[in-house]
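A short write-up of the structure that comes next.
Just so it is clear, none of the values below were taken in a lab; they were calculated from the coordinates. Remember, it's a predicted structure, so these values are computed and weren't measured experimentally. Positions of Cβ are backbone-derived with ideal geometry, glycine not excepted, and every protein chain shown enters the neighbour counts.
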Amino acid sequence: MAKKLAVIGAGLMGSGIAQVSAQAGWDVVLRDVTDEALRRGTDGIRASYDKFVSKGKLAADEAERALGRIITTTDLDAAADADVVVEAVFEKIEVKREIFATLDELVKDDTVLASNTSAIPITKIAAATRRPERVVGTHFFSPVPMMGLCELVRGHKTSDETLAAAREFAEGVGKTCIVVNRDVAGFVTTRLISALVVEAAKLYESGVATAEDIDTACKLGFGHAMGPLATADLTGVDILLHATDNIYTESQDEKFAPPESMRRMVDAGDIGRKSGEGFYRY
Ligand SMILES: NC(=O)c1ccc[n+]([C@@H]2O[C@H](COP(=O)([O-])OP(=O)(O)OC[C@H]3O[C@@H](n4cnc5c(N)ncnc54)[C@H](O)[C@@H]3O)[C@@H](O)[C@H]2O)c1
């Protein structure tokens, strides 16, 4: 019998995780708070499968079968018999803790409870449950169907079995895992990109180099696919500022202190591509 996955949150990440999992043979229940959000999520999944089919990377009948494995609901109880639950709701700790506390009452003893948080310590989410050893971070990357990485995060009490089960799940849906052994804010990836963006923004604000030149240095000097300032514009300067602030608050490490210019950009609404202006104009 196919294993059952519950995905909580049908936004960008949740729908992507549902998509790759259904394609890998999981029975997926996708949960959001409104039918509208669920419709948007499944429309996105359908469009993405269609794209893979039109490029000849996925057979049409396989796409149909995968879509048929996804059911949607606004009822969290539908997660009750899941083997794995991945939470992918807004990056708000209170919302995540409430969901985990409810899941704790609901799911089987051996269910893996995973969060897709990009920066909140897993230990803080796990502490909302009576089974912190079953809680783990599975940090996928956007767009999930295209990006090969899943960052597995061990909370303070995550058991080896839970980590192994999370790895089996993530590898089974086609991802390569890295393991974050200590639950530090920002994990490995968000710490790396934050440190790079903070330094790039400082070099930019102090006039050491132009945005283009800083990005070119990373692309041609280090082989990065995209420079840090273009990445900040794509991700959202507001999102990166928030993530960096989080890491700074937790670690008190000065290298994560966001430069003032980034704060003023966000105050002014210049948050990158989605606003038309960030480190670059669009
Ligand atoms: N966007 C990215 O590039 C990215 C990358 C890695 C990790 N993440 C993390 O993944 C998580 C989700 O991010 P996203 O970009 O998909 O957000 P999103 O805003 O696209 O989607 C969040 C969804 O959660 C739903 N939601 C809110 N409360 C809910 C609840 N109680 N139950 C069920 N659904 C609920 C919302 O209606 C929305 O559809 C966040 O923790 C984020 O930090 C995001």
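Brief remarks follow.
- Label-to-label distance, T74 versus R264, with points set 7 angstrom from Cα along the beta-carbon direction: 4.5 nm.
- Segment 193-273 - convex hull of alpha carbons, volume per residue in Å³: 87 Å³
- log₁₀ of I(q)/I(0) at q = 0.13, 0.14, 0.16 Å⁻¹ - the chain, Debye sum with one point per alpha carbon: -0.91, -1.04, -1.26
- Additional length obtainable on full extension of the chain from M1 to L149, 0.36 nm per residue less Cα span: 50.6 nm
- Most fluctuating residue given options C218, C177, C150, as computed from a GNM of the chain linking Cα atoms under 10 Å: C218
- Using C-alpha pairs under 8 Å with a sequence gap of at least 6, the mean separation divided by the residue count of segment 193-273 gives a relative contact order of 34 percent.
- Compactness relative to 2.2 N^0.38 Å, alpha carbon Rg of segment 125-168: 1.25
- Relative contact order (%) - the chain, alpha-carbon pairs under 8 angstrom, separation at least six: 13 percent
- Efficiency of FRET between V208 and E94 - r from beta-carbon atoms, R0 45 angstrom, step 0.05: 0.65
- Estimated FRET transfer efficiency (E161, V184; beta-carbon r; R0 30 Å; 0.05): 0.85
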